[in-house]
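Handing you a structure now.
The values are calculated or read from the model by the stated rules, or taken from the named source; none is laboratory data. Since the structure is predicted, the reported quantities are computational estimates derived from the model, not experimental observations. Counting neighbours? That spans all protein chains shown, and the Cβs are built from the backbone with ideal geometry, glycine included. All accessible areas refer to the heavy atoms of the entire protein, side chains included, with ligands and DNA or RNA removed. Shrake-Rupley method; radii C 1.70, N 1.55, O 1.52, S 1.80 Å.
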Amino acid sequence: MSLLIKAIFFFVLGILVQRSFGDRLEVWVHEGIKIARNIPQRLEGNVVMRNLVIQKNGREFSLADGEVLTIASRDLIRIQSIKTNQYIQRGIRADLLDIGTENDLGLEMEGSALIAALGVNPDKPSTMRRTIQVWKGERLLGSVLLQIQLSASEWRERGELIRNVDEKIKHYRNALKLFPQNVVFLAPLARAMQQKGDTSQAVLLYQQVLKGKPDDQDALEFLADNYYNEGHPEQALKLYHALSRLKPSEGQVFVRMGVCYEKLNQTDMAIESYNKALGALRSDIPLRLRLANLYEKKKDITGALAVYEEVIQIDHNRVDVLQTMGSHYMARKDYKNAVRIYSLILKSNPQSGVPYANLGLAYGELKQYPEAIAQYKKAIEFFPGDAMLHFNLGFFYQSTGQKQEAINSYEKAYAIQPNHEPTLERLGNLYLDTKNYVKVIEIYNALANLNQKNSVVFNNLGFAYAERGKFDEAISNYQRSLKLDPNDPVTHLNLAVIYERSKKMDLAMKEYETTLKLDPKNTDVLQSLSRIYMEDKQYEKSIPLLEALIKECPDDAVLYNNLGYAYVETGRLKEAAESYEKSVHFDPSDPMGYVNLARLYERMDLLENAVDKYSEALKKNPKLDDIRDKILELKLEILRRKHRSGA
């Protein structure tokens, strides 16, 4: 009757705990059914199983019917013996279901063998069990359960051997259930979540990892990268700094730090980080270009160029980098390096016209005009319709004195771009230099049509018309120039000259005087105006001009001679004598200087001095017969005066 009660107990117990003990329900119901089925046989044979003795790692465990023995994979078990209520155990056997033989009494095996036979079910780890039944012939006397339990380390190790990430996660979770918050089992689960792409779970797990192990590199790297990707550079930097201390030679860590600093607009720190990264990533061109860009952002072109130089050492065919370098060197007026860079560009790409033009310009700035001309000719082969190329080529020809070639180039530029004022100015000036006044008038009239406010244009037009003898047109253009720039001494001087050539002396004198006010030390004006004053017998006005000229030209004999004459005409004979003396001093070969001085002495009644100076003049030019006669005349007068004084 006890067996019946036991069966009923298992059924009722299974129903009561169904919701709370799902897995155990299956066992209890199963055992209840078995017990119920065998009640008649047990009653008939009156054989009762008391316990099944199992040895685990050398220790015996006596298990009653329905009891459970938990074993691990490393345990060694042996089904040792069966104890019943009968003294003689004949015909009683133990059967480890699905494993071994019909009678497994005395069977030894490891837990791992059981696991291999059962297989591992990470979804229901509690179902990993096997039943050992005890039989008497065909009667089931009872059974016990072997519950196989993997350790946390075993779950982790098995997970590491599995490729399927979902299965990995199940194994790692089972390990973690046994040791919650243990970094050893948190870390692989976090990595598996990362591998699966479940970022939110990976973040939570890695954060737990760092609480237990602050220097875990995988956790630091993942969380830092996650903050980085999510746009939280400040949080990312804290972790990257920690990671950089653990991996000081890991260049990518410093790269990410640099990007974070960039996002925070901390340019100097970003530059420092990128430079550290380059210690490991020596051939990383994109990183160097990023660093160079930061230097440019700081306006540190020297730093940028240093990095660009490193780039072309790695790859000298980076034309984009070379072009940037060339532009910087040109802007810094470092034309030698510009020549080097543009030459490298042409080695890589000789079929591009722009580098020839840039190289030519650099040579031009170095005043290496033949090289500049050669490069510009090549550039023009690519761009024959580029007016500026012809214009610059004209300048280089002009700089080497090749005026006709310069004119030809400027004419081509003019034909392509007729409204380019600098071309017209250069061309007009060249025609002025070559005295082609017809072309000067043509070019400067075209320039005047473009710019009515350029006084120089009208001044040059006036000069060209004057040289063509068209004085009215010259005067008109000079006057237009002076309306635009009334204080230009050059135009006033030119207008004065035209008035003088036109015999309009009053107007000429007025313009010379205006010019002198604007440019008091202009020797051309001083000479011209002093000459006009002398011709107009305005000696008093001429004297300060001649004195001013002498200050500028203190050894000019002619000036002293003219000044002496002006002094004579104004009755300042002593000053006149001093000026004439200086005139013959600075030009002792001019007989007329002595003659003028002698005549002055004669006028001053210094006859002996006059004879001396006339004699000097005669020595310089013995053909002066009238001077010889004058000497005799003066000597006779001197004798007469001596005779009178003696009488």
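Sorting TRP155, TRP135 by accessible area (1.4 Å probe), largest first, what list results?
Result of the area sort, largest leading: TRP135, TRP155.
Using a Förster distance of 51 angstrom, determine the FRET efficiency expected from the C-beta separation of GLN404 and LYS551, and round it to 0.05.
Efficiency, rounded to the nearest 0.05: 0.75.
Mind checking the full-extension length gain between GLN351 and LEU484? Use 0.36 nm per residue of separation minus the Cα-Cα distance, one decimal, nm.
On the way: separation 133, 0.36 × 133 = 47.88 nm, distance 4.91 nm.
Gain in length upon complete extension: 43.0 nm.
Oh, and also: To make sure I understand the rule: partners must be lysines, Cα under 16 Å from the Cα of LYS136, and not fewer than 8 residues away in the same chain. Which ones qualify?
Reachable lysines: LYS34, LYS83.
If packing is taken as the mean number of other Cβ atoms within 10 Å per residue, what is the order of 362-372, 445-455, highest first?
Highest to lowest by the protection proxy: 362-372, 445-455.
At a probe radius of 1.4 Å, what is the per-residue accessible area of LYS521, in Å² to the nearest 10?
Number for this one is 150 Å².
When the Cα atoms of the chain are enclosed in a convex hull and the volume is divided per residue, what value in Å³ results?
Per residue, the Cα convex hull of the chain comes to 308 Å³.
Among all the lysines, which ones have a C-alpha under 29 Å from LYS619's C-alpha, if same-chain residues fewer than 8 places away are not counted?
Cα-Cα hits under 29 Å: LYS574, LYS582, LYS630, LYS635, LYS642.
While we're here: Go ahead and run the numbers for FRET between SER283 and ARG628, Cβ-Cβ distance against an R0 of 60 Å, rounding to 0.05.
Working from the Cβ atoms, E equals 0.05.
If I model a spin label at GLU309 and ASN445 as a point 7 Å from the Cα along the Cα→Cβ vector, what separation in nanometres do I get?
5.7
State the Cα centre-to-centre distance between segment 290-367 and segment 173-223 in whole Å.
If you average the Cα positions of each part, the centres end up 50 Å apart.
Next question, about the same structure. Can you give the translational diffusion coefficient of segment 308-385 in µm²/s, computed by Stokes-Einstein from the Kirkwood radius over Cα pairs at 37 °C and 0.692 mPa s?
266
What is the packing order of peptides 383-394, 307-318, taking the mean over residues of other C-beta atoms within 10 Å and listing the highest first? Walk me through the intermediate numbers first.
Working: 383-394: 19.7, 307-318: 16.2.
Peptide ranking by packing, descending: 383-394, 307-318.
So which aspartates and glutamates pass the test for LYS298, namely a Cα distance under 17 Å, with those fewer than 8 places away in the same chain ruled out?
GLU262, ASP268, GLU272
Go through LYS124/LYS238; LYS177/LYS213; LYS333/LYS378; LYS439/LYS541; LYS333/LYS412 and tell me which ones have a Cα-Cα distance over 31 Å in this structure.
Values: LYS124/LYS238 41 Å; LYS177/LYS213 19 Å; LYS333/LYS378 23 Å; LYS439/LYS541 41 Å; LYS333/LYS412 29 Å.
In this structure, LYS124/LYS238; LYS439/LYS541 lie more than 31 Å apart at Cα.
Which value, in Å² and to the nearest 10, is the accessible area of MET325 when all protein chains are kept and the probe is 1.4 Å?
0
Tell me the label-point distance for the pair GLN55, GLN195, using the 7 Å Cα-to-Cβ offset, in nm and rounded to one decimal.
Label at GLN55, label at GLN195, 4.1 nm between them.
Give me the log10 of I(q) over I(0) for segment 231-321 at q = 0.22, 0.25 Å⁻¹, as the Debye formula computes it from C-alpha points; what are the numbers?
Debye intensities relative to I(0), on a log10 scale: -1.04, -1.22.
In degrees, nearest 10, range 0 to 90: what is the angle between the Cα axis of helix 183-196 and the longest Cα principal axis of the chain?
So the helix axis and the longest Cα principal axis differ by about 70 degrees.
If you don't mind, there's one more thing I want to ask. In percent, how large is the relative contact order of segment 300-392, given Cα pairs closer than 8 Å and 6 or more residues apart?
Value for segment 300-392: 19 percent.
Ordering ARG245, ARG603 by how much accessible area each has at a 1.4 Å probe, largest first, what is the list?
Largest accessible area first, the residues go ARG245, ARG603.
Can you compute the FRET efficiency between THR434 and LYS263 using 1/(1 + (r/R0)^6), with r the Cβ-Cβ distance and R0 = 51 Å? Round to the nearest 0.05.
0.20
Which value, in Å², gives the accessible area per residue of segment 303-392 when a 1.4 Å probe is used on the protein heavy atoms?
On a per-residue basis, 48 Å².
How big is the gap, in Å, between the Cα center of segment 565-634 and the Cα center of segment 374-449?
Comparing the Cα centres of segment 565-634 and segment 374-449, I get a distance of 57 Å.
Kindly express, to the nearest 10 degrees and within the range 0 to 90, the angle between helix 285-297's C-alpha long axis and the longest C-alpha principal axis of the chain.
Tilt relative to the chain: about 50 degrees.
Please give the solvent-accessible surface of SER589 in Å², to the nearest 10, using a probe radius of 1.4 Å with every protein chain present.
About 80 Å², ignoring ligands and nucleic acids.
Starting from the 7 Å offset along Cα-to-Cβ, what nm value, one decimal, do you get for the label separation of GLU365 and SER153?
The modelled label-to-label distance comes out at 7.2 nm.
Kindly give the semi-axes, whole Å and largest first, of the ellipsoid equivalent to segment 415-508, taking each as the square root of 5 times a Cα gyration tensor eigenvalue. Don't skip to the end; give the middle numbers.
Values: eigenvalues 112, 42, 17 Å².
Calculated on Cα positions only, the semi-axes equal 24, 14, 9 Å.
How would you order 532-541, 145-154 from highest to lowest mean count of nearby Cβ atoms within 10 Å?
Result, highest mean first: 145-154, 532-541.
Let me ask you something else. Using helices alone, what [θ] at 222 nm do you get for the chain, with -39,500 (n - 2.57) per DSSP H run of 4 or more residues, divided over all residues and rounded to the nearest 500?
Here the helix-only value at 222 nm equals -22000 deg cm²/dmol.
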